[in-house]
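Bear in mind these aren't lab numbers, they're just calculated from the coordinates by the rules spelled out. All of these numbers come straight from a predicted model, not from anything done at the bench. Note: ideal-geometry Cβ built from the backbone for every residue, glycine included; neighbour counts use all protein chains shown.
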Amino acid sequence: MPPALHLRPCLHRLPTDFPDPNSNGRRCLQRARVPQRRSYANASSPLLSSSSLLQPSSLRSKCPFMYAVLGAGFAGLSVVWHLLKHGPKESPMRIDIYDEVGIGGGASGVSGGLLHPYSPKAKLLWRGSECWKECLELSTIAERTMDAGASNGMIQDPSCVFDETMIWRRGILRPATSEKNMEILKENAQNCLKSCNLEVLDRNAAQCLIPDLCVPFNFAVYMPLAMNIHPKRYLEALFLACHHLADEESISGSEEREINLFKEPVSSLRGLSEAYDAVIICLGAKADLLPELSGKLPLRTCRGVVAELQLPTDMGGVYGDQSPSILSDSWLAFQGPRSVFMGSTWEWRSKNYASNVSEEEASRAMEELLPKASAVYPAIKKWTFVGARAGLRAMPPLTPQGSLPLLGCVNDAIGTRGRCMYWLVGGLGSRGLLYHGLVGKLIAQAAISSDEKVLPLEFTSWKKTL
Ligand SMILES: Cc1cc2nc3c(=O)[nH]c(=O)nc-3n(C[C@H](O)[C@H](O)[C@H](O)COP(=O)(O)OP(=O)(O)OC[C@H]3O[C@@H](n4cnc5c(N)ncnc54)[C@H](O)[C@@H]3O)c2cc1C
């Protein structure tokens with residue numbers, strides 16, 4: 001373990017800008033040698049090897065690229081991965097991640113972890129194929145990292161142990177819940193991806209997969225390759241994979257790479273521009289709380305509660321190991337034979353950012369979710385409530401292509417002139433897990449090249465309203 005230096009990243013103490021001859025026009029924002037040793041954050045303290053940042057000039061190597069990634073949810077960690085992957089090999093790079101809670105501290109950590117490229121009505125989403133490919137790549141990388149079991153004490157959350165699986169279940173089944181719904185599902189199911197195919201099942205076939213399933217319209221759509229992941233374990237593993245990638249790149253002859261995670265709030269963007277080449281804002285529903293962005297983003301908040309239920313040990317009717325998760329007017333994400341997450345509620349315009357749920361809110365959620373879940377899986381009524389958690393979705397406006405994440409350079413909104421340096425990944429809505437791979441890759445490429453044109457117009461068109 002590297003030594004824990006309990007120092008805050010004192011940005012205002014960093015040397016100020018001056019031109020650097022090696023930087024192709026890029027100003028060398030911090031004439032610091034990237035430290036040889038990486039510092040990893042633990043749950044309670046930001047760590048920074050600040051002494052090695054302020055080396056005498058004789059020890060300095062090339063000007064490092066400095067990136068700040070605000071937020072360590074799906075969006076933030078995907079950005080970190082892709083900055084490492086696509087960043088210039090010939091320059092050192094340092095990425096500082098800031099999160100007030102830690103990895104998966106926002107909506108990502110409480111999400112249901114359901115992953116597939118279709119709408120609830122089985123319609124392939126816009127750029128669904130690319131999104132699916134990119135998030136599969138990230139989940140494979142995270143899974144490999146977990147399988148390697150290389151935790152080395154760097155895992156932030158002790159409950160995220162590496163001897164447990166990251167993917168709870170493969171396969172998601174969606175029974176039709178009305179005649180109209182059946183017709184739409186039928187039509188949409190004709191246009192599916194080969195890499196995530198859809199199968200149309202009748203009652204018998206559906207009940208082969210889930211014996212106690214109720215299939216009121218004798219019709220269900222099955223996504224055998226869809227997944228249900230443990231979101232926190234996935235994020236912890238992705239974070240560790242980023243460290244491994246940084247190590248590999250450094251060893252393989254590229255310049256040094258460094259990642260730091262600071263567990264502290266960012267209350268304003270002011271001052272960050274002096275220390276970083278680019279600042280990538282991935283704060284989910286809280287992006288709107290930054291004074292520089294407040295009221296400027298076309299986002300609506302929507303709180304969702306997820307309830308955890310268990311089947312009492314003295315009761316029969318355990319959920320089969322091979323049975324898929326269930327998607328209906330609510331969803332059932334089974335983690336084990338006696339444990340399930342049931343989600344989720346939709347409380348529009350909520351400003352409640354808390355992940356904990358009061359008894360009263362939990363009981364309202366149960367009243368809403370249980371009838372929907374039991375309409376397709378009646379046995380769920382025998383399961384007992386054991387807890388609830390909640391998160392705030394950042395919902396983007398509806399466009400002709402659907403509800404798309406908001407990407408782009410936000411210098412204008414912030415009132416900064418010149419080179420694109422503030423970037424936003426926001427509005428991942430209710431599908432952050434699907435979108436995070438592609439949007440993280442695109443924004444990393446845009447930030448590296450300082451060029452917004454690499455982003456598809458559909459993702460940036462929201463800026464017309466700024
Ligand atoms: C109940 C629920 C269930 C869901 N289920 C699914 C699902 O099954 N599948 C799916 O694809 N999507 C699901 N979603 C949606 C998904 O969770 C979101 O789209 C996704 O998590 C958004 O990721 P993000 O990284 O943009 O934001 P977040 O995950 O919210 O990350 C933002 C991070 O920024 C940090 N932060 C915020 N403000 C500050 C600050 N000022 N300073 C420092 N740090 C800060 C937070 O601590 C947080 O870690 C669900 C959402 C909810 C609420």
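With the convex hull constructed from alpha-carbon coordinates only, segment 172-304 shows a mean projected area of 13.9 nm² over all directions. Considering only 407, 378, 354, the residue lying farthest towards the positive end of the dipole of segment 349-410 is 407, judged by Cα position with unit charges set on Cβ.
Counted over segment 267-351 with a bin width of 10 Å, the fraction of Cα pairs per bin, in whole percents, is 14, 29, 20, 19, 14, 4, 0.
For segment 248-268 versus segment 374-415, the spacing of their alpha-carbon centroids is 29 Å.
Among the trypsin sites (Lys or Arg not before Pro) in segment 73-147, those located in a DSSP loop and surrounded by at most 16 other Cβ atoms within 10 Å of their own Cβ are 89, 121. The ranking of 222, 118, 276 by Cβ neighbour count inside 10 Å, starting from the fewest, reads 222, 276, 118. The fraction of all Cα pairs in segment 311-464 landing in successive 10 Å bins from 0 to the largest distance is 9, 29, 26, 19, 13, 4, 0, given as whole percents. So if I place +1 on the C-beta of Lys and Arg and -1 on the C-beta of Asp and Glu, and nothing else carries charge, what would the dipole magnitude of segment 356-466 be about its Cα centre? I want it in debye, nearest 20. The calculation lands at about 240 debye. In order along segment 286-298, phi translates into HN-Hα couplings of 8, 4, 5, 7, 5, x, 6, 10, 3, x, 9, 9, x Hz, rounded to whole numbers, per the Karplus curve 6.51 cos²θ - 1.76 cosθ + 1.60 with θ = phi - 60° and x for Gly and Pro.
Computed over every Cα-Cα pair of segment 368-427 and binned at 10 Å starting from 0, the pair-distance distribution P(r) comes out as 16, 24, 23, 18, 12, 6, 0 percent. Counted by Cβ distance under 13 Å from residue 340, the other residues give a net charge of +2, where Lys and Arg count +1 and Asp and Glu count -1.
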